[in-house]
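Each remark here refers to the structure printed beneath this line.
Taken together, the values in this text are just the output of simple stated rules run on the coordinates, not laboratory data. Quantities reported herein were computed from a predicted structural model and do not represent experimental measurements. Counting neighbours? That spans all protein chains shown, and the Cβs are built from the backbone with ideal geometry, glycine included.
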Amino acid sequence: MPSSTPPVRSAGADTAAGAGKLHGRRKGRPLRPAQQRALDELGPRLEIPAPDPVAGLAPGGLFPRRPRAVWLEIGFGAGEHLVAQAEQNPDVGLIGAEFFQDGIAKMLRRVEAAGLDNVRSYTGDGRDLLAALPQASIARVFILFPDPWPKRRHHKRRLIQAPYLDMLARVLADGGELRLATDDVSYQRWIAIELHRHPAFAWTARRPADWRTRPADWPATRYQQKAVEAGRTPVFLSYRRRPRGG
C-alpha cells in the first residue's frame, strides 16, 4: 500500500458478511408532479428490466448506438454525477443502479433536460445486475458516498466488503477503474482495508493529493458540497482492476 494511504484499522469480524439488506425503504416523500411524470413516461424507456439470471445481459446492446465502453454507477442518488458523465462522454454508455424512487425521478428529469440517449437505469438490487453482466464487460464503476452504516452492529450492511468486491472484480475489464468516494472517516479506513486485501484491485494513488483532491473528470454532487459545508472532508479513491492470470 502506498505511503499516502489514509490511516486504517481492522474492519472487524462483520467484514465477511454481505449478502443481506443494504438499503431501507424504496419510497420517501411524495414525488412532485414533474418527477412523477418523468418516472411514468421516461422511466419505462430507460429502465433495464430484471435480467434473466441464465441468459444474462449484454450491456452494449442497451443503447441505440453501440458505445465504445460501458460505465456503471451504483447508487447514483439524484443523478448529478451520472448525467454529467453522460454529457461529457457521449460515446460511453452509462448504466445507473438506484433503489430509491425519488432519486430515480430526479435523474430522469436531468436526462430529459439534457436530451441524452446514453443513459440507462436499473431500479432493483444492484447485486442482481452485477450477477447478470458478462465477465469483463464494464470499463469503469462508480460508487460515490455509499451509506456508511456508522453503527458497528450495522457494518455488515456496508457495500464495500469482500463478496461485493468479488462481483465487481468479475465484471470489470482488465485495467478497468473502480472509483469510490466517502466523507466518513470510519468508512475511509474500512474501504482502504477491504481493497488492500482484495487481490484483484490496485490503488492508483502515489501521493496524498491523489485521494484528497477531486479529479477534474470527476463531477461534483450536491451531497459532496453538503459534506464540505458540514466540515467533513471527502476522499476520492481510484483502483485499477489487475490483469487476469493466464
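Give the separation of the Cα centroids, the range 181-246 to the range 132-172, in Å.
13 Å
I'd like the projected area of the range 126-246, averaged over all directions, using the convex hull of its alpha carbons. Report it in nm² with one decimal.
Details: hull surface 32.7 nm².
Computing the convex hull of the Cα atoms and averaging its projections yields 8.2 nm².
From the helices alone, meaning DSSP H stretches of at least four residues, give me the mean residue ellipticity at 222 nm for the chain, per-run term -39500 (n - 2.57), in deg cm²/dmol to the nearest 500.
Working: 9 runs with 78 residues, N = 246.
Helix-only estimate at 222 nm: -9000 deg cm²/dmol.
Count the lysine pairs in the chain that are 8 or more places apart or on different chains: how many have C-alpha atoms under 22 angstrom apart? It would help to have the intermediate numbers written out before the result.
On the way: Lys21/Lys151; Lys21/Lys156; Lys27/Lys106; Lys106/Lys226; Lys151/Lys226.
Final tally of qualifying lysine pairs is 5.
Can you tell me the dipole magnitude for the range 13-241 around its Cα centre, using point charges on the Cβ only (Lys, Arg +1; Asp, Glu -1), in Debye to the nearest 20?
Values: 36 positive and 25 negative charges, 143 e Å.
The dipole magnitude comes to about 680 debye.
What is the local net charge at Ala202, summed over the other residues whose Cβ is closer than 9 Å to its Cβ (Lys, Arg +1; Asp, Glu -1)? Intermediate values should be presented prior to the final figure.
Numbers: positive: Arg240, Arg241, Arg242; negative: none.
In short, +3.
Could you give the length gained by full extension between Glu229 and Asp91, i.e. 0.36 nm per residue of separation minus their alpha carbon distance, to one decimal place?
On the way: separation 138, 0.36 × 138 = 49.68 nm, distance 3.45 nm.
Taking 0.36 nm per residue and subtracting the Cα distance, the gain is 46.2 nm.
Mind giving me the FRET efficiency for Val54 and Asp166? R0 is 25 Å, r the Cβ-Cβ distance, nearest 0.05 is fine.
Working: r = 20 Å, r/R0 = 0.81.
It comes to 0.80.
Have a look at the DSSP beta bridges in the range 96-246 and tell me what percent are antiparallel, nearest 5.
On the way: 9 of 17 bridges.
Taking every DSSP beta bridge with both residues in the range 96-246, the antiparallel ones total about 55 percent.
Starting from 0.36 nm per residue, how many nanometres of slack lie between Ala113 and Ala34 once their C-alpha separation is accounted for?
Details: separation 79, 0.36 × 79 = 28.44 nm, distance 1.19 nm.
Going from the current span to full extension adds 27.3 nm.
Report, to one decimal in Å, the Kirkwood hydrodynamic radius for the chain based on all distinct Cα pairs. Display every interim value, and only then the final one.
Details: mean 1/r = 0.0539 Å⁻¹.
One decimal place: 18.6 Å for the Kirkwood radius.
Using 0.36 nm per residue, how much length does the chain from Arg240 to Arg197 gain when fully extended, once their Cα-Cα distance is taken away? Let's see the in-between values first.
Numbers: separation 43, 0.36 × 43 = 15.48 nm, distance 1.39 nm.
Additional length available on full extension: 14.1 nm.
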